[in-house]
Structures are given as structure tokens and as C-alpha cells.
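For reference, the structure discussed in these notes is given below.
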Amino acid sequence: MDDLLWWQRGVIYQVYPRSFQDSDGDGVGDLAGIAQRLDHLVSLGVDALWLSPIQPSPMADFGYDVADYRDVDPIFGSLAEFDALVAEAHRRGLRVILDFVPNHSSDQHPWFLDSRSGRNSAKRDWYIWRDPAPGGGPPTNWLSHFGGSAWEWDAASGQYYLHSFLKQQPDLNWRNPAVRGAMEDVLRFWLDRGVDGFRIDVIWLLIKDDKFRDNPANPDWREGGNPRDRLLDLYGGDRPEVHEVIAGLRRVIDAYDDRLMIGEIYLPVQRLVAYYGEGGGGAHLPFNFQLITAPWNAGTLAGIIRDYEAALPPGGWPNWVLGNHDQPRIASRVGPAQARVAAVLLLTLRGTPTLYYGDEIGMLDVPVPPDRVRDPAERNQPGLGLGRDPQRSPMLWDTTRNAGFSSGEPWLPLGATPSVAEREAEPDSILQLYRRLIALRRADPVLRGGAIDGVAAEGSVLRFRRSLGEQQRWVVLNLGQEPAGVTLPAAALVFSTLPGRATGPVGGRFELRGHEAVILRGDA
Ligand code: GLC
Ligand code: MG
């Protein structure tokens, strides 16, 4: 093998629990359902599953509003079922990563109920309460990620509380040591149950400006854009003091063997890489969302890969993500043919790949009629394209009723793309492609851990080299639909997205078909 850690060598797979597999016919996925489908993950070849939140929640934001950090919501199952899932996963060599949502709780959490009970509550300072601005109105101009002011007026106590998201998601005060202590105990609770790591929700937002300064206007904002981007969020997050808080969380995790800490972070690359922390004491993997947020063309992606690699701190391990429950699906963004090229890119770049459930069968965003919209991001600001229901549509397993997802009415409409069973039967399907790529990566120390260089764009073609000692791999991807002539080094073609492409020696002028990506193997 190599001396990489499991999460450096491995592939992470995100499960959105509501939408993976329903076991009890209520139309909502659950833990027992996930346990039934673990063999799919094994056959795909991934190493870890990350579960979006499963804790008790009023579901105002579908689990990202936690009312009890130490239990499982009955809609998903019980702690006993969680333990069984972890045991089943571990038996198959799969790690389990939990979502941890520390920035805010539900407004129904006992901490907030107490905090809201009055200015003298012992938990008052667990949340962020402020007097009105001198002339009246909200204390700052900060905007909620889900529309409107980030401040909610509490008439009974005559103060506002901060909610970076819904008003049902009050922000906790991470400057308060008691909050930090309580939350660190929550991590221990789950670590003691055997979880292998956490994906920490909106980690860059944990600390807000100590002076509560107003955010400035964003000069680049245009009419029709996300209303929240009218302001540059300089003060609602990414404050210098956040790194000490994160280092504290990391110390808790490091007291256990071999656990992983991922941070969800939407920031430009120079700020993103600060989340590896001083001396590497921050997140192991600050999520790198650039393949989601950047325009999909060879020139832009080449620049992104080079800049990201150059920005990484010493020892900082890279990672790449194509999709998640907040973002339009890759196959909808770049088209089904190009989604195959995207799979090659994700699985051959240097660093840990994270896959979003359903992307391995080429699922598309599923349009949701207005009367079935569930996501508050859409309900609060309809028609702006901010809704996330389309990418949360249930997994398509087979051709039986409700695609094998549920015996009851699914909580969101189902898509019409081929199911796992159909992709299984289709030669060269995207599912087979994902399996081949993951197997190739798993078997190849160069793709897993080798250096990357030679990142370049030529027309629609993106290329780079991976190398380890004398061994080299070239990855050449056509991001366009037209054929593209390229000059390849003398090497052996070992992989192509194009069915029927002959493997074996190549070199010199070569024609890549539209939407074709190839991997070559050579020796120095
Ligand atoms: C993160 C989650 C998103 C959630 C938000 C508030 O961005 O990924 O789904 O709505 O945080 O918790
Ligand atoms: Mg269910």
C-alpha cells in the first residue's frame, strides 16, 4: 500500500438520508433503508459515507435545524438503528461520517427555549442577542442566507437574535466557552459511538465580527442575482478568531484514533486554505467547491487546479467535490455526456474526491411543481432558482414502484433517468464508468497519492500529469462536444470514457472525440 491515511486514499460518498432508501413506507428515507443499501456503496468501491443530519429536528431546514444533538430523529430511526448501521458499515470496511451543525440550533432546542425565556436566563449568552440599532431596527444590516434580515425581533425581551439562516435556526454564540464545551461534548458523544469523522456545517461562520459592523455594498451585484449577495459578507463570518475555535474542535477529534474533520466552506481559495489551520491544526479537509462554482471550461479549470495546488499549505491535503445537496447536479450543469468527463476529473485529480449520491447513475435535477416545493430557500424567495429540492430527489434504484425507493408516496417527486438496476444492465453506463474509475484509482498509487503538474488547457482540452517516482499518468479531457486533436506522449492508453476505444500504445497526434477523457500510463 502507501503511507496515506484512509481519508487521503479513499473516496467519500454523501448520502442525503431523506432521499436514499425508505424502509417503512412513510416516503422519507431512513437509517434502516441506508443499511439495506450498503452493498451498493461497496460495489461502487467508495470508502466512506457521509450522512446529512439525522438528529431530532422540526425539519424547518430538513435536519440542519437540530433540536437535540445527541439523538436520532424518529423519522430516521433510533440510536440503536444508528449503532446497527455503523456496525454494518464497518463490517464492510466503510467509514461513517456524520454531519455536525454547530453554527445554529433549532429554535426548539431546549438551549434556545431557555435563552429566549428572558434576559436573565442562564443560557441567554449561548445565542447572539443584541439591542436594536441606535435609531431602532436590526442591530446590523446582515442578511440571512434564506432571505431578509439575519435578525429576528423578540418583543418579550426587547432584543434581536441573530439567525444566519432561517429564524428557526438561531446562531449559537461560539465566543461563549460554555457553548464550546457543550458542543465538544457532543462530538465526543458520537466519537464514542464509533463515528469516523464529521462534516462540519458552515464552519467559517462560527464567529462573527466582535464589533458588529455593517457589511458594505457589493459593487458587482446585478439585478436578478441572489439578493443576499447585495452585500459583501465581511462581518457575518470568516473572522480571524474562528480558527482558534476550529482548533479546539480538532483537538477533541484528535484525541481519538484516525478520525476525520471536514469543513463546509464557501470562500475564495486564498481564504479557504486558511482553514487547514495553523500548523495543520484546522480541518483535515476544508471542502473545495471550485468544481461546482466555476464555469466548466478547460482554461478556467486549469487555472483553478494550478491556483489551488499552489495555495495549499505544507502538508495540506487537497480535495475535490462535484456536487452536494445544496447545488444543482453535475449532470444538469454540464450535460449527461460531459458528466462522464467530470467523473474522470474528480477521480484523477490529486486529493480526496467526494461524490454526491445519484451522480454515479447520472441523476438530473428533478423539477418540482410549486405545490410540492419543500425547501425553505425556494419557499422564502420563489422563482430565483435558489431552491434545492431538485437535487434532493429520491435515489432511483430499480424499475419497481417508486423506483424501489419507497412503498409510500415519496416526499419529493422522482426523476426519470435510468435507475441503478438499469445502469447495471447497460454496458458502458455512467455507473460502470464510476466503478472502473474508482477501481483504477484504488489500485494505482500514482492516482491516489502522486504529485500533479503539467496542468494546461489547449482549446477545449484540459490535461495534467500525475507522477510518483518514475511512474507517470497523463489525464487528458475534452470538455467540448467537438473532436479535438491533441499530442500525446508515448504511453499506454489504459482508460477512456468512450466505449470501444482501443487501449494500448499511443503517442503523437491523437484525436479525442467530443466529451472523451483518457488516462495514459507511461514510465519516465
Ligand atoms: C449548509 C448546509 C445547508 C443548510 C445550511 C444551514 O450550507 O449544507 O443545507 O441549509 O448549511 O445549516
Ligand atoms: Mg422512512
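Below is a table of values for the structure above.
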read-out: Some residue of the range 284-300 being of a type in the set (Gly, Ala, Ser), touching a residue at least 60 places away in the same chain (Cβ under 8 Å) and within 26 Å of GLN338 (Cα to Cα); value: yes
read-out: The range 12-49, subset charged (D, E, K, R) and away from ligand 1 (no atom under 16 Å from the Cβ), residue surrounded by the fewest Cβ atoms within 10 Å (Cβ to Cβ); value: ASP39
read-out: All positions within the range 91-119 that are under 30 Å from VAL46 (Cα atoms) and either among the small types (Gly, Ala, Ser) or within 22 Å of the chain's Cα centre (by Cα) (or both); value: GLY93, LEU94, ARG95, VAL96, ILE97, LEU98, ASP99, PHE100, VAL101, PRO102, ASN103
read-out: Residue check, ASP83 more than 16 Å from ligand 1 (Cβ to nearest atom), within 22 Å of ILE200 (Cα to Cα), in contact (Cβ under 8 Å) with a residue 12 or more places away in the chain and surrounded by fewer than 17 Cβ atoms within 10 Å (Cβ to Cβ); value: yes
read-out: Selected residue [basic (Lys, Arg), part of a helix (DSSP H, G or I) and in contact with a strand residue (DSSP E or B) (Cβ under 9 Å, 6 or more places away or on another chain)] from ARG333, ARG350, ARG306; value: ARG306
read-out: Residue that is farthest from ARG442 (Cα to Cα) [pool: residues in the range 16-44 that are among the small types (Gly, Ala, Ser) and touching a Lys or Arg at 6+ places or on another chain (Cβ under 6 Å)]; value: GLY29
read-out: Lone qualifier among ALA302, ALA274 - being hydrophobic (A, V, I, L, M, F, W, C), at pLDDT 95 or above and within 29 Å of TYR434 (Cα to Cα); value: ALA302
read-out: Filtered residue count, the range 386-435, keeping only those that are within 16 Å of ligand 1 (Cβ to nearest atom), assigned to a loop (DSSP other than H, G, I, E, B) and not hydroxyl-bearing (Ser, Thr, Tyr); value: 5
read-out: The range 468-490, residues that are under 18 Å from LEU345 (Cα atoms) and among the small types (Gly, Ala, Ser); value: GLY480, ALA484
read-out: Members of the range 363-385 found to be charged (D, E, K, R), part of a helix (DSSP H, G or I) and either more than 16 Å from ligand 1 (Cβ to nearest atom) or closer than 17 Å to SER19 by Cβ (or both), listed by number; value: ASP371, ARG372, GLU378
read-out: Qualifying positions in the range 228-254 - touching a residue at least 60 places away in the same chain (Cβ under 8 Å) and over 23 Å from the mean Cα position of the chain (by Cα); value: ARG230, LEU231, TYR235, GLU241
read-out: Qualifying residue in the range 441-449 (condition: within 20 Å of GLY514 (Cβ to Cβ) and either buried (at least 20 other Cβ atoms within 10 Å of the Cβ) or in contact (Cβ under 8 Å) with a residue 40 or more places away in the chain (or both)); value: no
read-out: Of all residues making up the range 50-71, the number that are away from ligand 1 (no atom under 16 Å from the Cβ) and either crowded, with 22+ Cβ neighbours inside 10 Å or touching a residue at least 60 places away in the same chain (Cβ under 8 Å) (or both); value: 1
read-out: Which numbered condition ALA80 fails, given (1) assigned to a loop (DSSP other than H, G, I, E, B); (2) farther than 20 Å from SER19 by Cα; value: (1)
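The values are calculated or read from the model by the stated rules, or taken from the named source; none is laboratory data. No experiment lies behind these values; they were computed from the predicted model shown. Every residue, glycine among them, receives a Cβ derived from its backbone with ideal geometry; neighbour counts consider all protein chains shown.
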